[in-house]
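Structure first, then comments.
The values are calculated or read from the model by the stated rules, or taken from the named source; none is laboratory data. None of these values were measured; they are calculated from a predicted model. Glycine also receives a Cβ, built like all others from the backbone with ideal geometry; neighbour counts cover every protein chain displayed. For the accessible areas, the whole protein counts, side chains as well, though only heavy atoms, and no ligand, DNA or RNA atoms are used. Shrake-Rupley method; radii C 1.70, N 1.55, O 1.52, S 1.80 Å.
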Amino acid sequence: MYNELINKEKSIAIVGLGYVGLPLAVLFSKKYNVIGFDVNKEKIELYKKGIDATCELPKGSLKESNIKFTSNEKDLRDASFFVVAVPTPITEENDPDFIYITSATKTIGRNLTKGSIVVYESTVYPGVTEDICVPILEKESNLIYGSEFKVGYSPERINPGDKNNKLEDIIKIVSGMDNESLDIIANVYDTILNNGVYRAESIKVAEAAKVVENTQRDINIALVNELAMIFHNMGINTTQVIEAAGTKWNFAKYYPGLVGGHCISIDPYYLVYKSKKLKFDPQLMQIGRKVNESLGDFIVNNIIYMMIDKDMLIKSSNILVLGVTFKENCNDIRNSKVIPIIQKLNELGINVTVYDPMADKDSVKKEYNIDLVNDYSGNYDVVLFAVAHDEFKEFSLDNTKKLIHENSIIVDLKSILNKEIQNYEKIKYWTL
């Protein structure tokens with residue numbers, strides 16, 4: 001199969017064209033015939049016009065890619081190598097929600113041909129690929145797993161907004177149901193990567209590796225978030241503490257902040273869910289999630305306490321929120337933890353003005369009923385730096401002072417003005 005793919009006698013299909021699938025499709029298209037499939041017809045039409053809805057690609061790369069974009073599932077019958085890159089969210093009860101991955105699997109199954117390989121990139125708990133997806137593929141295709149089609153798993157490692165750790169420069173974990181499928185999957189991915197692949201011993205090992213990557217990061221951030229809450233009560237600057245501790249050779253630098261998005265804040269729940277099914281109650285992961293989920297309330301409470309301390313009227317006060325995406329330098333608003341902060345401030349009767357140069361105004365309005373402004377000039381009681389977009393990092397204290405009055409408060413969650421603010425005693429400044 002690898003020779004047929006590299007010689008463009010057969011095609012690769014990428015199913016799910018979001019922040020993960022689209023860059024992957026573009027990269028694969030440099031070596032292979034690629035079919036880009038998504039059920040969102042509006043998105044497909046944008047891609048056909050060369051418009052990147054994710055803002056993750058270099059300009060012009062879509063038009064140069066020669067990808068066959070489609071929302072017609074019958075076009076998938078021309079592919080023999082499938083990559084599934086759909087979201088794996090959670091329910092309101094924090095249980096895995098497999099609606100997208102099972103739907104994509106059914107679609108592939110209906111169009112699967114004998115001899116094909118299906119590779120999953122979506123983040124799951126160990127066992128999902130073989131225990132949940134394979135039976136669906138068998139049922140929909142009427143093909144026999146192992147002899148008539150094979151599967152593998154290669155966890156996505158795309159970091160939205162990160163221009164340094166590009167997809168082609170990361171080491172990609174690959175796995176297959178047997179040695180033959182592993183060799184094919186490894187060879188296919190290896191051709192588009194600069195630093196090669198890591199062959200995991202099994203599909204379950206690869207699935208576990210992915211969910212552990214994000215769980216470890218979530219717990220580390222939870223630790224510094226809890227430290228930030230403690231140091232707040234001590235009147236100590238957490239960033240300064242981390243910088244001091246970071247002078248030791250084996251200290252890992254993590255900084256406090258909101259943990260949102262569709263990876264770090266979601267993936268631990270998958271492992272917690274599976275652990276409980278196995279009658280093991282994982283304490284540390286759940287505590288880490290609880291700490292990180294509580295940070296928004298901690299921030300809102302401190303804003304209110306500072307306003308009361310300055311004898312401000314809470315209702316009808318004016319707050320400027322700078323940044324609404326889940327992280328810096330990307331337009332992804334999924335599971336952004338800035339949103340609950342804005343909603344809680346609004347519930348208190350505060351006038352909240354929100355500006356974000358990266359986020360799509362229509363998407364923010366549709367998803368959260370929040371209006372983004374183009375002009376944020378004004379005189380605010382509180383200015384909240386919520387996301388460290390590059391545009392905001394260029395702010396100086398003098399720029400910020402044009403937005404506030406003498407009794408105002410600056411809340412700087414990402415310590416953008418931390419070093420500059422220290423010599424200005426009249427300004428109430430707070431950071432994590």
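Answer with yes or no whether Lys63 is in contact (Cβ under 8 Å) with a residue 12 or more places away in the chain, among the basic types (Lys, Arg), within 26 Å of Gly161 (Cα to Cα) and in contact with a Gly (Cβ under 7 Å, 6 or more places away or on another chain). So Lys63 fits the description; yes. Considered as a group, the residues in the stretch 27-47 that are open to solvent by 40 Å² or more (accessible area, probe 1.4 Å) and assigned to a loop (DSSP other than H, G, I, E, B) include one that is nearest to Glu121 (Cα to Cα), and that residue is Val39. The set of residues from the stretch 285-314 being within 30 Å of Glu406 (Cβ to Cβ), part of a helix (DSSP H, G or I) and touching an Asp or Glu at 6+ places or on another chain (Cβ under 8 Å) comprises just one member, Met307. Filtering the stretch 315-348 to residues that are of a type in the set (Lys, Arg) and not in a loop (DSSP other than H, G, I, E, B) leaves only Lys344. A single member of Ala53, Ala79 is open to solvent by 40 Å² or more (accessible area, probe 1.4 Å) and of a type in the set (Gly, Ala, Ser), and it is Ala53.
Being open to solvent by less than 60 Å² (accessible area, probe 1.4 Å) and under 19 Å from Tyr32 (Cβ atoms) is a condition met by no residue of the stretch 126-147. Of the residues making up the stretch 4-26, those that are part of a helix (DSSP H, G or I) and open to solvent by less than 10 Å² (accessible area, probe 1.4 Å) number 5. Just one residue in the set Lys204, Lys163 is basic (Lys, Arg) and either within 30 Å of Met358 (Cα to Cα) or modelled with pLDDT under 95 (or both); that residue is Lys163. Inclusion of Gly127 among residues that are of a type in the set (Gly, Ala, Ser) and free of Cβ contacts under 8 Å to residues at least 60 places away in the same chain is not warranted. Taking the listed residues Gly288, Gly296, the one that is closer than 22 Å to Asp412 by Cα and touching a residue at least 12 places away in the same chain (Cβ under 8 Å) is Gly296, with no other qualifying.
A single member of Asp362, Asp375, Asp398 is free of Cβ contacts under 8 Å to residues at least 12 places away in the same chain, open to solvent by 40 Å² or more (accessible area, probe 1.4 Å), in a loop (DSSP other than H, G, I, E, B) and of a type outside the set (Ser, Thr, Tyr), and it is Asp375. Check whether at least one residue in the stretch 159-176 is of a type outside the set (Asp, Glu) and over 29 Å from Gly288 (Cα atoms), and report yes or no. Yes - at least one qualifying residue is present in the stretch 159-176.
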